[in-house]
1. Give me the residue from segment 376-397 that is farther than 15 Å from GLU411 by Cβ and buried (at least 18 other Cβ atoms within 10 Å of the Cβ) and, out of that set, farthest from ligand 1 (Cβ to nearest atom).
2. Among the residues of segment 69-98, which ones are within 16 Å of ligand 1 (Cβ to nearest atom) and among the basic types (Lys, Arg)?
3. Out of GLU109, GLU66, I need the residue that is over 25 Å from LYS333 (Cα atoms), in a helix (DSSP H, G or I), away from ligand 1 (no atom under 16 Å from the Cβ) and of a type in the set (Asp, Glu). Which one?
4. From (1) within 21 Å of the chain's Cα centre (by Cα); (2) within 18 Å of PRO145 (Cα to Cα); (3) modelled with pLDDT of 95 or more; (4) crowded, with 21+ Cβ neighbours inside 10 Å, pick out the condition that doesn't hold for MET224.
5. Taking the condition farther than 29 Å from HIS535 by Cα, in contact (Cβ under 8 Å) with a residue 12 or more places away in the chain and surrounded by fewer than 21 Cβ atoms within 10 Å (Cβ to Cβ), does ARG264 pass?
6. For residues that are assigned to a helix (DSSP H, G or I) and of a type outside the set (Lys, Arg), scanning just segment 534-593, find the one that is surrounded by the most Cβ atoms within 10 Å (Cβ to Cβ).
7. Identify the residue in segment 433-475 that is acidic (Asp, Glu) and surrounded by fewer than 19 Cβ atoms within 10 Å (Cβ to Cβ) and, among all such residues, is farthest from SER423 (Cα to Cα).
8. In this structure, does GLY122 turn out to be surrounded by 22 or more Cβ atoms within 10 Å (Cβ to Cβ) and on the phi < 0 side of the Ramachandran plot?
Amino acid sequence: MKKYAWPLLALGLSFCAEKAAPPEPILPIPTERQIAWQELQFYGFVHFNMNTFSDREWGFGDEKPEQFNPTALDARQWARIAKEAGMKGLIITAKHHDGFVLWPSKYTEHSVKNSPWRDGKGDLIQEFVDACREYGLKVGIYYSPWDRNHPDYGKPEYITYMRNQLTELLTNYGEIYEVWFDGANGGTGWYGGANEERKVDKFSYYDWPTTQALVRELQPNAMMFSDAGPDVRWVGNEHGFAYETTWSNLMRDSVYAGMQDFDRWATGQENGTHWVPTESDVSIRPGWYYHAYEDHKVKTLPELMEIYYKSIGQNSSLLINFPVDTRGLIHEKDEEAILKMAAKIKEDFAVNLATEATFTASSDRGKGYKAENLSDGDFNTYWTIPDGEMQASVELDFGKSVSFNRLLIQEFVNLGQRVKAFSLEKEVNGNWEKIAEGTTIGYKRILRFSDTKAQKIRINFLDGKGIPVISEIGVYSAPALLFPPKITRTPAGKVSIEAPESDLEIYFTTDGSTPKSGENAYLGEFEVVQPTTVHAIVFDPKSGKSSDPARMDFDLAKGSWKVMSSDSLAIRAIDERPNSYWTSKTNDLTIDLSQEVDLKGFIYLPMQARYPTGYIAEYALEVSNDGKNWIQIARGEFANIQNSPIEQMIRLDVVKARFAKLKALRTTDGNPATYGEFGIITR
Ligand code: FUL
Ligand code: CA
C-alpha cells in the first residue's frame with residue numbers, strides 16, 4: 001500500500017501548485033566542470049621530486065637522476081593521510097622547475113627511469129594514482145612549464161616536448177580532475193649545459209590556447225589552474241589567504257598574475273567577464289619541499305585554522321601542501337598537524353543551530369524558493385525573492401537563547417555571484433543590534449565573531465548585483481582555540497613572552513624540552529644572549545587547557561653588533577623587529593660581530609611590508625677577520641622568494657669570522673636590496 005502512495009502524492013502535488021520561475025542567471029556563471037569542482041573545497045598538494053633530495057626549493061636543472069632515491073616511499077601513506085584529513089583529492093608535482101619527471105617519459109632521460117629508485121623500473125605517477133583511487137581521492141597533476149634542465153627551453157621544440165609529456169600524463173593514468181600550470185619563470189638554468197639566462201615571453205611563448213585545447217581534448221572534465229585560469233585562478237599569495245571581498249568573476253583576458261599590481265586583481269572583479277574562482281595554495285611548512293631544518297616549523301593548529309577560515313571561509317578552495325620527505329613519506333609532524341586541523345574543523349561545525357531554528361524571510365519568490373531551503377543541507381535548493389526587490393532579510397528564531405560565534409552562508413552561485421554587502425544582527429529587547437557584516441559571499445562565506453547569545457538573529461542582504469539567491473545558512477558555536485604565546489627578544493638579549501589574551505598563564509623552558517603547565521611560570525623578561533631554544537605555552541586555568549608550544553631558536557644576541565654603514569637607518573637590518581627593514585644603496589650589508597665566532601650559517605628575512613621591493617634573489621656571503629680582507633664563503637639563490645617571502649636559512653661549513661657581509665648579486669625587481677633582518681647561526 002505505502003509503496004504506491006508516495007509517487008501518487010508527488011504527482012498530485014505537481015499538478016495543484018506550480019513552482020515559480022527561477023531567477024535569470026547573472027553572468028558569468030560556472031561551467032558544469034566548475035560546478036563539480038567547487039564542491040571539493042579542500043584538497044592536498046604533494047611536493048616531492050628532485051628538490052627533496054637536493055634540499056632545494058628550486059633546482060637548477062643540473063641535478064642527476066641518481067640523486068632521486070627515496071628509501072621507504074609509500075604513496076598509500078599520503079593518500080591515507082589526505083583522506084583522514086578530509087581532503088577530496090591530491091595534486092602531485094609530476095615535473096617541477098628543475099625538469100626531473102616522476103614517470104618513465106619516452107621523451108627524456110631526466111626521469112625516474114634512470115634513478116636507483118625501484119631499480120629504474122618505477123613509475124611514481126602510477127603508484128600515486130593507484131593509491132588515490134584506493135582511497136577514493138581525485139587525482140591532480142602539477143606540471144611546470146618552466147624547465148631548467150631541457151636544452152630546448154626557450155625554443156619552439158620545447159613546446160612540443162611539453163605537449164608530448166602532457167599527452168602521456170593525461171592519457172595513461174585515467175581521470176584527472178585538475179591540471180596545475182605553475183606561473184613561475186625565473187630565467188637562469190642549466191638548460192642542457194648552456195648554463196645561462198633564458199627569458200621567454202610568458203604569454204606568447206607557450207601558445208597556451210593550443211595547449212589548453214589539448215588538455216580539454218584528453219581530459220574534458222579537468223580543471224585547468226594557472227595564475228589567471230582558464231578554470232581556476234591563483235589567489236595571489238602563498239599564505240593560503242583569500243580576501244574579505246573575493247569575486248569568482250574575473251576579466252580573464254586582461255588580467256594575469258605577474259602583471260604589475262597583481263594584488264589589485266587577485267580579489268577578482270565584480271564585473272569580471274569569466275567565471276574563474278580562486279584556489280588558495282599554502283604549504284604546511286614554510287617551504288614547498290622538505291627540509292629537515294623545517295621539522296619544527298610545521299604550521300600550528302591556530303595557523304591552520306586561520307588559513308581554513310580565510311580560504312574556504314572566503315569563497316576559495318584550499319590546497320594544502322605536504323613536503324614529502326627523503327624517505328618518501330609525509331613526516332609524522334605534518335600528519336599530526338593536518339589531523340588536528342581536520343578534527344578542529346569537525347569540532348567547529350559539529351552542531352548547526354540553524355537546523356533547529358524557524359526561518360522567516362522578508363519575502364520569497366513563491367513555491368520552491370521558501371526560506372526552509374536555507375537549512376535543508378542541500379546546496380541545490382535555495383531561497384530567493386521576486387525580481388526587482390533589491391533588499392531582503394531572513395530572520396532565525398532559535399526558540400530559546402543560544403550561544404554562537406560563526407555564521408556560514410552559501411550563495412547559489414550556479415546563477416552567478418551577486419551579494420556585495422550583508423550584515424548579521426541579533427535581537428535585544430525588541431531592537432536589532434549588529435554583530436558582524438561582510439561583503440561578498442560566493443560559494444561559501446564564514447563570518448567569525450566573539451561568543452554571542454540571542455534567541456533571534458537576522459541576516460540582511462544589503463546590496464548586490466541582483467536579487468540574492470541563497471542556498472544555505474548555518475550558525476555554529478566553535479570552541480575557543482588557544483593561540484600559543486609570542487616569544488620575542490631585543491637585540492640586547494631580553495626575552496619576553498606574550499599571551500594572546502589576558503587571564504592566561506605562561507610556562508616556558510630553555511633546555512629544548514616541552515613546557516608543562518605549573519612548571520616554570522613566566523613572570524617577566526629574562527636574558528638570553530647565547531644560542532638557546534625557548535619553548536612556551538599558555539595555560540587557561542578556567543578550561544584547564546594548554547596551547548601548543550611556541551618555539552624560538554635564538555642565536556647570539558645582537559646587542560654588541562655594529563652595521564658598517566654611514567646610514568643611521570641601517571640598524572633596522574639587525575633590530576630583531578621583523579617588520580622594520582633597511583634599503584641598502586650599495587646592495588650589501590656589512591656587520592661587525594664584535595667578536596670572532598664559529599659561523600655555521602646565516603639568516604636573511606626579506607622585508608615584510610605590503611608593497612615589497614628589493615628582495616635578494618641571488619646572494620653572496622663574505623667573511624673577514626679584520627673588516628678589510630674578505631673571502632667569499634657562499635653564493636646561491638633564494639628560490640621562490642618573490643612569491644613566498646619567508647625567512648631564508650642557509651647552513652654552511654663552519655668558518656671563523658669577526659665580520660660578515662651579505663651581498664645582493666641580484667634582486668627580484670632590480671631595485672636596491674632590502675634587508676628585513678639578518679642573523680647568524682653558530683650552533
Ligand atoms: C610556485 C613554485 O615556484 C613553487 O616552487 C611551488 O611549486 C608553488 C606551488 O608554486 O610558483
Ligand atoms: Ca538549501
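The values are calculated or read from the model by the stated rules, or taken from the named source; none is laboratory data. These figures come from a predicted structure and were not determined experimentally. Counting neighbours? That spans all protein chains shown, and the Cβs are built from the backbone with ideal geometry, glycine included.
1. Restricting to residues being farther than 15 Å from GLU411 by Cβ and buried (at least 18 other Cβ atoms within 10 Å of the Cβ), the top hit is GLU395.
2. Once the filter is applied, which keeps residues that are within 16 Å of ligand 1 (Cβ to nearest atom) and among the basic types (Lys, Arg), segment 69-98 yields only LYS95.
3. Of GLU109, GLU66, the one residue that is over 25 Å from LYS333 (Cα atoms), in a helix (DSSP H, G or I), away from ligand 1 (no atom under 16 Å from the Cβ) and of a type in the set (Asp, Glu) is GLU66.
4. Exception for MET224: condition (4).
5. No: the conditions fail for ARG264.
6. Selected residue: ALA573.
7. Ranking the qualifying residues of segment 433-475, first place goes to ASP451.
8. In short, no.
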